[in-house]
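Notes for the one structure printed next.
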Amino acid sequence: MLVVLASCMTKRTPLPEELVGQARVSGFETLPIRIWGDASTAELSFAQYHNTPTLKVLKDPDTRFSHQDYLVLSGGGAKGAYGAGLLNGWSQTGTRPEFTIVTGVSTGAIIAPFAFLGPAYDHLLREFYTEHSTKDLLRINGLGGVIAGSSAADSGPLEKLIEKYITPGLLQEIASEYAQGRYLLVGTTNLDAQRPVTWNMGEIARIGGVEGLALFRKVILASISIPAAFPPVLINVDADGVSGDELHVDGGTTDNAILLPVHFQINKQVAFSGKASRRRLFIIINSSLTPEPENAKTGTLHIAMRSLNTLLKQQTSGDALMLYDYARANNIEYNLTQIPDSFATKPKELFDPAYMRALYNLGVQQAKSQAVWSKAP
């Protein structure tokens, strides 16, 4: 039994703890592919002189982006169907803008590449969130995975889906838009550092090839790998001549809705460019921020899941407030939507197609409503 249980564990070669903050992704050491999601002012200053992401487009925006729109896609698991439906419905109204920056965390990381490329990819969002069920996304590991492994489920089916949808052609289109001054950012959580990481997916797409495609897919898988439910994702890194790996999980573990590090002031960067800019922020919360009372069961698993859901709800509310403060400080118009309290349908499984179709249809209807966006959290 010990041998079987040990074989379920994720084997890794971590960096020495004192080098965790210096790690660079192996094979991409000199490229601007990521930054700490909670980067300090000092870290941002260092990054500015080392060609790190999120700076170039805002410091010297392209003329076609004199008016900038930013899209934030939160986590939410199967509830990402709401965001997928809302984007489809938004396209149907003819008012959906071309976003300068698109960010995604967890299920939002799945939506983000297609939202970034625009309405031409709406059909893939609809397919992903209305035609798949639990068996298409995971395999239960059994008792060994729960007790001594790294997760309760195997994410192999999810990896295959990511490979199906994230193609070399998709990366080429993302790279082309990145070259025009647009940014696609995805958040993960570095468990070794206990910090959020923001990945510059446009730069990874620009690198392309086998290595770029593999890393792009790996980052998305990491962003949606719910701790304990899915196995963590290993990223090979180097630091000070030492090779090792990092352990990355769901971006929602640290930040469930992201834009840019809070110390990066868009207002000052755009002002520095000398170009006037109207800035609008659109946040799609793939859940409800309102408390949902229910009689909690006393079983261990139910208590753990209820506690995790409560923690995530409160954290997402905090993220919405933080983005509101950030928008006010940077003269950005704030717009937020979430699943309305009136939606009462309950899923019968983790990824219930009927439930997701109902959420998707709700999103489409909400997008056509003039009251879909709130101006404050």
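The values are calculated or read from the model by the stated rules, or taken from the named source; none is laboratory data. Computed from a predicted model, the values in this text were never measured in an experiment. Note that we place each Cβ from the backbone using ideal geometry, even for glycine, and neighbour counts take in every protein chain shown. Side chains are part of the model used for accessible areas, which takes the heavy atoms of the whole protein and leaves out ligands, DNA and RNA. Shrake-Rupley method; radii C 1.70, N 1.55, O 1.52, S 1.80 Å.
Distance from the Cα centre of region 201-268 to that of region 74-104, in angstrom? Between the Cα centre of region 201-268 and that of region 74-104, the gap is 21 Å.
In this structure the amide hydrogen of GLN68, modeled in the peptide plane, comes within under 5 Å of the amide hydrogens of ARG278, ARG279, ARG280, none closer than 5 places in sequence on its chain. Could you derive backbone 3J(HN,Hα) for region 218-226 from the dihedral phi with the Karplus parameters 6.51, -1.76 and 1.60 (θ = phi - 60°), listing whole Hz in sequence and x where the residue is Gly or Pro? Couplings: 5, 5, 5, 4, 4, 5, 9, 8, 4 Hz.
3J(HN,Hα) along region 12-21, derived from phi through the Karplus expression 6.51 cos²θ - 1.76 cosθ + 1.60 where θ = phi - 60°, amounts to 8, 10, x, 6, x, 4, 6, 9, 4, x Hz, with x in place of Gly and Pro.
Among the listed pairs LYS11/LYS348; LYS348/LYS368; LYS313/LYS346, a Cα-Cα separation exceeding 26 Å is found for LYS11/LYS348; LYS348/LYS368.
In this structure, the amide hydrogen of ARG195, modeled 1.01 Å from its nitrogen in the peptide plane, lies closer than 5 angstrom to those of ASN190, counting only residues at least 5 positions away or on a different chain. Per residue, the convex hull spanned by the alpha carbons of region 312-377 comes to 103 Å³.
Global dimensions of region 173-271 from alpha-carbon coordinates: Rg and Dmax equal 14.7, 45 Å. Between beta-carbons, use under 14 Å as the cut-off and find the net charge around VAL249, counting Lys and Arg +1, Asp and Glu -1. Taking every other residue near VAL249 into account, the sum is -2. Compute the FRET efficiency between GLU43 and LEU191 as 1/(1 + (r/R0)^6), taking r as their Cβ-Cβ distance and R0 = 25 Å, and round to the nearest 0.05. Computed FRET efficiency for GLU43 and LEU191 comes out at 0.85. Here the Kirkwood formula, the inverse mean of 1/r across different C-alpha pairs, assigns region 263-377 a hydrodynamic radius of 16.8 Å. For region 285-292, backbone phi angles converted through the Karplus equation (6.51, -1.76, 1.60; θ = phi - 60°) give residue-by-residue couplings of 8, 7, 5, 10, 8, 7, x, 10 Hz, Gly and Pro being listed as x.
Ratio of Rg to Rh for region 157-210: 1.04 [Cα atoms; Kirkwood radius as inverse mean 1/r over pairs].
LEU221 contributes about 20 Å² of solvent-accessible surface, heavy atoms of the protein only, 1.4 Å probe.
Here the sum of -39500 (n - 2.57) over DSSP H runs of 4 or more residues, divided by the residues of the chain, equals -12500 deg cm²/dmol at 222 nm, to the nearest 500. Report in % the part of the accessible area of region 326-377 that belongs to carbon and sulfur, leaving out ligands and nucleic acids; probe 1.4 Å. C and S atoms contribute 49 percent here. Computed over the chain, the percent of Cα pairs more than 36 Å apart is 19.
FRET efficiency for the pair ILE303 and PHE343, taken as 1/(1 + (r/R0)^6) with r the Cβ-Cβ distance and R0 = 22 Å, rounds to 0.30.
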